[in-house]
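Data block below; observations after.
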Amino acid sequence: MLKPKKVIPGLGILLVALLTLNMPPIADAESIVLDGLIEPYLVVKIGSPTVGILETVKVDRGDMVKAGQVLATLQSGVEKATMELAQARAEMESAIKAKESKLNYLLREQKRMEHLQDQALIAFEALDESRTNSSLARLDMEEASENKRLAELELKRSIEVVNRLTIYSPITGVVTNRFLTPGEYVENQPILQLAQINPLNVEVFAPVKLLGTIKVGMRADISPEKPVSSVSRARVTIVDRVVDAASGTFGVRLELPNAQGKLQAGLKCRVTFLRD
């Protein structure tokens, strides 16, 4: 008669644990790999807020620019002359000083007339005339102050007109195209085209079966096409809520840091989504 084999307690759990250690990690099985396209974060066409003749264009295609940098200027001789005239008017103090001196004199005279009236040495009509002159002088001084304020506002307006003839870069990026050259007339057409390349956008079209799987905040490894061999980490920022019925896909956008400017926009890439 065969004797039953002795079962060692916990042996099954030990075997399962050993097999689990030898299994490949499940992260690879859970990864989602899709094709994508690296694009600029922003593409901006730079125009002019006012019509005129281009005087200078200070950058060309391929140049790096910073936000606030002067890109181009329009002819502004007349506008600058108007600004200088407005500045001269705004700085004029002689009219106010003259009105102020006259008012002070009439106030002193009014005080003397009141003193004489108290002593009954002059008629009331003389005092009344002195008071009227003082009031009129005060109004003249207020008018001079208002005129100076208007001159200051006109100067501010002239400065804004001149500033509108200078075109500044709204972003930090690269010039991708130049449409006009100095001497050409600017009206409704763009002068330059800029692209912001830090950060970059990675655009992906995912099959509808992945709805709910790819979420905002997920990380992904970006592997650009050759000859670029580096792998960068990006983060999902947009997941479209509308599916394209014709292709059965939905759009996904990732944000890819590019502080050193090593990656170029327009490259195809492989996007490997990572699950935390």
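Some notes on this structure:
- The number of residues in segment 129-168 that are in contact with a Leu (Cβ under 7 Å, 6 or more places away or on another chain) and touching a residue at least 60 places away in the same chain (Cβ under 8 Å) comes to 3.
- Residue in segment 81-104 that is of a type in the set (Ser, Thr, Tyr), surrounded by 12 or more Cβ atoms within 10 Å (Cβ to Cβ) and in contact with a Leu (Cβ under 7 Å, 6 or more places away or on another chain) present: no
Okay, residues lined up against (1) modelled with pLDDT under 85; (2) out of contact with any Phe, Trp or Tyr (no Cβ under 9 Å at 6 or more places or on another chain); (3) among the charged types (D, E, K, R); (4) assigned to a loop (DSSP other than H, G, I, E, B):
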| site | (1), (2), (3), (4) |
| --- | --- |
| LEU19 | yes, yes, no, no |
| ILE38 | no, yes, no, no |
| LYS45 | no, no, yes, no |
| LEU54 | no, no, no, no |
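- Any hit, segment 177-200, residues being out of contact with any Asp or Glu (no Cβ under 6 Å at 6 or more places or on another chain), hydrophobic (A, V, I, L, M, F, W, C) and within 28 Å of SER31 (Cβ to Cβ): yes
- Here PHE205 clears all of (1) outside any loop (DSSP other than H, G, I, E, B); (2) at pLDDT below 95 except the condition numbered (2).
- Of residues in segment 247-262 being aliphatic (A, V, I, L, M) and modelled with pLDDT of 95 or more, the one farthest from LYS209 (Cα to Cα): LEU256
- With respect to the conditions (1) surrounded by 13 or more Cβ atoms within 10 Å (Cβ to Cβ); (2) without any contact (Cβ under 8 Å) to a residue 40 or more places away in the chain; (3) among the small types (Gly, Ala, Ser), ALA265 lacks only one, and its number is (2).
- Subset tally (residues that are surrounded by 15 or more Cβ atoms within 10 Å (Cβ to Cβ) and outside any loop (DSSP other than H, G, I, E, B)) for segment 178-197: 8
- Single condition ASN133 does not satisfy, out of (1) under 35 Å from the mean Cα position of the chain (by Cα); (2) surrounded by 15 or more Cβ atoms within 10 Å (Cβ to Cβ): (1)
- Flag if THR272 is free of Cβ contacts under 8 Å to residues at least 40 places away in the same chain and part of a strand (DSSP E or B): no
- Residue check, ALA67 surrounded by 10 or more Cβ atoms within 10 Å (Cβ to Cβ), at pLDDT 85 or above, out of contact with any Lys or Arg (no Cβ under 9 Å at 6 or more places or on another chain) and over 24 Å from GLN193 (Cα atoms): no
The values are calculated or read from the model by the stated rules, or taken from the named source; none is laboratory data. Treat the numbers as computed from the prediction; the structure is a model and nothing was measured. Note: ideal-geometry Cβ built from the backbone for every residue, glycine included; neighbour counts use all protein chains shown.
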